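Worksheet: the structure to be examined is printed underneath.
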Amino acid sequence: MKKGIHPKYVQTEAKCACGNVFKVGSTKSDIRVEICSKCHPFFTGKQKLIDTAGRIERFHRKYGKEYANIQKKQSE
């Protein structure tokens, strides 16, 4: 590596808006994040599915008869 051109890489604390603090390696000395694994809906189990019914209905309107015919042929 060429000397004097790379930023200093340090161990620093990242602070989340929920109050969680964790250590990471970075070139910045202070990191603040809005969301982390302690408060993100995917990791907390509070994830919501949005608009799935609309997508399914649209699929059935577009391909409903063809999809039903395929299922009938497979069951016979």
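Derivation of every value follows stated rules applied to the coordinates shown; laboratory data play no part. Only a predicted model underlies this, so the values are computations on that prediction, with no experimental measurement involved. A quick note on method: Cβ atoms are made from the backbone with ideal geometry, for glycine too, and the neighbour counts reach across all protein chains shown.
How far apart, in nm, are the 7 Å Cα→Cβ label points at Met1 and Gln74?
With each label point 7 Å from Cα toward Cβ, the separation is 5.4 nm.
Students often forget the sequence filter, so: which lysines lie under 23 Å Cα-Cα from Lys65 once same-chain residues fewer than 8 apart are removed?
Lys73
Please go through the residue pairs Lys46/Lys72; Lys3/Lys38; Lys2/Lys38; Lys8/Lys46; Lys2/Lys28 and name each one whose alpha carbons sit more than 32 Å apart in this structure.
Lys46/Lys72; Lys3/Lys38; Lys2/Lys38; Lys8/Lys46
Can you tell which of Ser29, Pro41, Tyr67 lies farthest toward the positive end of the dipole of the chain, using +1 and -1 charges on the Cβ of basic and acidic side chains (Lys, Arg; Asp, Glu)?
Value computed over the given set: Ser29.
Can you give me the angle between helix 52-75 and the longest principal axis of the chain, using Cα atoms only, in degrees from 0 to 90, rounded to the nearest 10?
Roughly 50 degrees, rounded to the nearest 10.
Using helices alone, I'd like the mean residue ellipticity at 222 nm for the chain: each DSSP H run of four-plus residues gives -39500 (n - 2.57), total over residue count, nearest 500.
-12000 deg cm²/dmol
Going out from 0 in 5 Å bins, what whole percent of all Cα-Cα distances in segment 5-44 drops into each bin?
6, 25, 23, 20, 13, 8, 4, 1, 0
Order of Ile5, Ile31 from fewest to most other C-beta atoms within 10 Å?
Starting with the residue having the fewest Cβ neighbours, the order is Ile5, Ile31.
Once you have the alpha carbon radius of gyration of the chain, what is it after dividing by 2.2 N^0.38 Å, with N set to its residue count?
2.19
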